[in-house]
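Colleague: Right, I'll just put the structure down here and ask away after.
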Amino acid sequence: MAKSFYDVLGVSKDASADEIKSAYRKLARQYHPDLHPGDEEAANKFKEVSEAYETLSDPQKREAYDNPSPFGGGGGFEGFSGFGGGFGGGGGSIFDSIFDMFGGGGGRSSSSSRRESVGEDITLDLKLTFEEAAFGVQKEVTFTRDEPCTTCNGTGAKDGTKFKTCGTCGGTGRVKYTQETPFGRIVSERVCSTCRGKGKIIEENCPDCNGKGINRRTVKLKVNIPAGVETGQVMTVRGEGEKVANGRAGNLQLVIEVTNHPIFKRVGADLYVDLPVTFIQATLGEKVAIPTLKGTELQFSLSEGIASGTVLKLKGHGITTKRGTGDMYVTVLVDLPKKLSKDQKAKLKELADLFKSDQYDKIKEFNKKNKQ
Ligand SMILES: [Zn+2]
Ligand SMILES: [Zn+2]
């Protein structure tokens, strides 16, 4: 694999612009062809370093480099990190519309992506009940985000037309400047700071956004949460983050938090429940009712003399996710009665005398081993 541009410059992925610049300067000085005439290795190195700097010094190119073709592959909705099932389906959800907006086309042209500005992501916590997470749910989330002002179409200018040509750059949006470097004078161009590269400046501000071109809006968004999500998973809804006037909107990141259930626990698609039964039920092997997450009950016949702690596996009674259906594991816990009345005690003692010691499997086995 080729070295990343960050590796080439010897900086970390989150290096600041200044760190990148200073790393580049150091390396450029080290490998500059003028200082190594005829040295092909140095020339290559210099080329490599320059190439890396060209991309990493430009915030937009760097962004594009860090997040290569986010719309490639057609999938508008990225889905959950760490959630293999993926999405799709759901019917008429926000995901479908996002998919339509960005998907299918197979990415943008490189020329437009280079100049594109990108909105920030918005991260929200999304609390779900145990059942909502298990079965999937449609949730409405409410949040605020920047959206281009509709009055001025995000231009910031009154009526969208009150502009004048920028005097600093004469409308080109870029200004030339010269720099003295160890290798001589270099004439470079940079974005005009007066008009921020737009080439024109606002004559009269749009009254609705005060010339910012952006307004803060409250958004209500319906999102379809698929079955089987877990605490800590992050669901990405593409294009629903901060919006920018001329560019791509950021994403909405929903951080899932699932509340506990009073009796059920979940691991993946499997459900776990502890089921207390009376010693009579366990001894006689009676039919017991096992609750389900849907609120119904399953009838289950215990085997006669079932031991406390026995785990029953009810196949296919877990939850159903895109990856399949899980099982339910029921741990039978034999509950012994307390605070017995005199009469109850007397009857139990009477009963106890009726049992032979070899009717107790474990005691019989224990005694046998103990004698050896
Ligand atoms: Zn406006
Ligand atoms: Zn300008």
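The values are calculated or read from the model by the stated rules, or taken from the named source; none is laboratory data. Remember, predicted model here, so these are calculated numbers, not experimental data. Quick reminder, even Gly has a Cβ in these numbers, built from the backbone with ideal geometry, and neighbours come from all protein chains shown. Surface areas here come from the heavy atoms of the whole protein model, side chains and all, with no ligands, DNA or RNA. Shrake-Rupley method; radii C 1.70, N 1.55, O 1.52, S 1.80 Å.
Colleague: Run the accessible area of segment 1-57 with a 1.4 Å probe and give the carbon-and-sulfur part as a rounded percent.
Modeller: With neighbouring chains kept in place, the figure for segment 1-57 is 49 percent.
Colleague: Average the reciprocal distances over every distinct pair of alpha-carbons in the chain, invert the result, and give the Kirkwood radius in Å.
Modeller: The Cα-based Kirkwood calculation yields 27.5 Å.
Colleague: Angle check, please: helix 17-31 long axis (alpha carbons) against the longest principal axis of the chain (alpha carbons), in degrees 0 to 90, nearest 10.
Modeller: That helix lies at roughly 60 degrees to the long axis.
Colleague: Can I ask one more? Grab the eigenvalues of the alpha-carbon gyration tensor for segment 264-371, scale each by 5, take roots, and send me the semi-axes largest first in whole angstrom.
Modeller: 34, 18, 11
Colleague: For segment 239-372, what is the relative contact order in percent, using Cα pairs closer than 8 Å and at least 6 residues apart in sequence?
Modeller: Contact order relative to length: 20 percent.
Colleague: Could you tell me the distance between the Cα centroids of segment 290-356 and segment 9-51, to the nearest Å?
Modeller: Using only Cα atoms, the two centres lie 71 Å from each other.
Colleague: Now, a different point. Can you give me the angle between helix 342-352 and the longest principal axis of the chain, using Cα atoms only, in degrees from 0 to 90, rounded to the nearest 10?
Modeller: 80
Colleague: Helix 40-56 versus the longest principal axis of the chain: what angle, 0 to 90°, nearest 10, using Cα atoms?
Modeller: The answer is roughly 70 degrees.
Colleague: Still on this structure, please answer the following. Hey, what's the chain come to in accessible area per residue, 1.4 Å probe, Å²?
Modeller: Ligands and nucleic acids excluded, the result is 62 Å² per residue.
Colleague: When each pair of different Cα atoms in segment 1-57 is counted once in the 1/r mean, what is the Kirkwood radius in angstroms, to one decimal?
Modeller: The answer is 11.4 Å.
Colleague: I would also like to ask the following. Which is farthest toward the positive dipole end of the chain among Gln233, Gln299, Ala43, measuring Cα position about the Cα centre, with Cβ charges +1 (Lys, Arg) and -1 (Asp, Glu)?
Modeller: Gln299
Colleague: For the chain, which span is the longest to avoid every loop-located (per DSSP) member of GluC sites (Glu not before Pro) having at most 15 other Cβ atoms inside 10 Å?
Modeller: 1-115
Colleague: Sort Asp58, Asp353 from largest to smallest accessible area, using a 1.4 Å probe on the heavy atoms of the protein chains.
Modeller: My answer, sorted largest first, is Asp353, Asp58.
Colleague: Enumerate the amide H contacts of Gly197 below 5 Å, restricted to partners 5 or more residues apart or on another chain; note that Pro and chain-start residues carry no placed amide H.
Modeller: Amide H neighbours of Gly197, under 5 Å, 5+ apart: Cys192.
Colleague: Which pairs, out of Lys139/Lys243; Lys162/Lys243; Lys45/Lys176; Lys158/Lys220; Lys322/Lys362, put more than 32 Å between their alpha-carbon atoms?
Modeller: Over 32 Å Cα-Cα: Lys322/Lys362.
Colleague: Can you list the HN-Hα couplings for segment 271-282, worked out from phi with the Karplus curve (6.51, -1.76, 1.60; θ = phi - 60°), rounded to whole Hz and with x for Gly and Pro?
Modeller: 10, 10, 8, 8, 10, x, 10, 6, 5, 5, 4, 5
Colleague: Sequence-distant or interchain residues sharing an amide H contact under 5 Å with Val258, placed H: which?
Modeller: Sorted by chain and number, the residues that satisfy this are Leu128, Thr231, Gly232.
Colleague: Let me ask you something else. Convert each backbone phi in segment 314-329 into a coupling constant with the Karplus relation 6.51 cos²θ - 1.76 cosθ + 1.60 (shift: θ = phi - 60°), then list the ³J(HN,Hα) values in order as whole Hz, x for Gly and Pro.
Modeller: 9, 5, x, 9, x, 9, 9, 10, 4, 8, x, 10, x, 10, 10, 10
Colleague: Could you work out [θ]222 nm for the chain from helices alone, using -39500 (n - 2.57) per DSSP H run of at least four and dividing by all its residues? Round to the nearest 500 deg cm²/dmol.
Modeller: Counting only the DSSP helices, I get -7500 deg cm²/dmol.
Colleague: At a 1.4 Å probe radius, carbon and sulfur cover how many percent of the accessible area of segment 264-371?
Modeller: Accessible surface attributable to carbon and sulfur in segment 264-371 totals 54 percent.
Colleague: Check which residues have an amide H placed less than 5 Å from Asp274's amide H, if you skip close sequence neighbours.
Modeller: HN-HN under 5 Å from Asp274: Thr331.
Colleague: Next question. Between segment 144-175 and segment 203-241, how far is it from one alpha carbon centroid to the other, in angstrom?
Modeller: Distance between centres, Cα-based: 22 Å.
Colleague: Continuing with the same structure: Only four residue types carry charge here, +1 at the Cβ of Lys and Arg and -1 at the Cβ of Asp and Glu. Report the dipole size of segment 241-372 about the Cα centre in Debye, rounded to the nearest 20.
Modeller: Charge dipole, segment 241-372, about its Cα centre: 240 debye, nearest 20.
Colleague: Next question, about the same structure. How large is Rg over Rh for segment 180-307, taking Rg from the Cα atoms and Rh as the Kirkwood inverse mean of 1/r across Cα pairs?
Modeller: With Rg and the Kirkwood Rh in hand, the quotient comes to 1.40.
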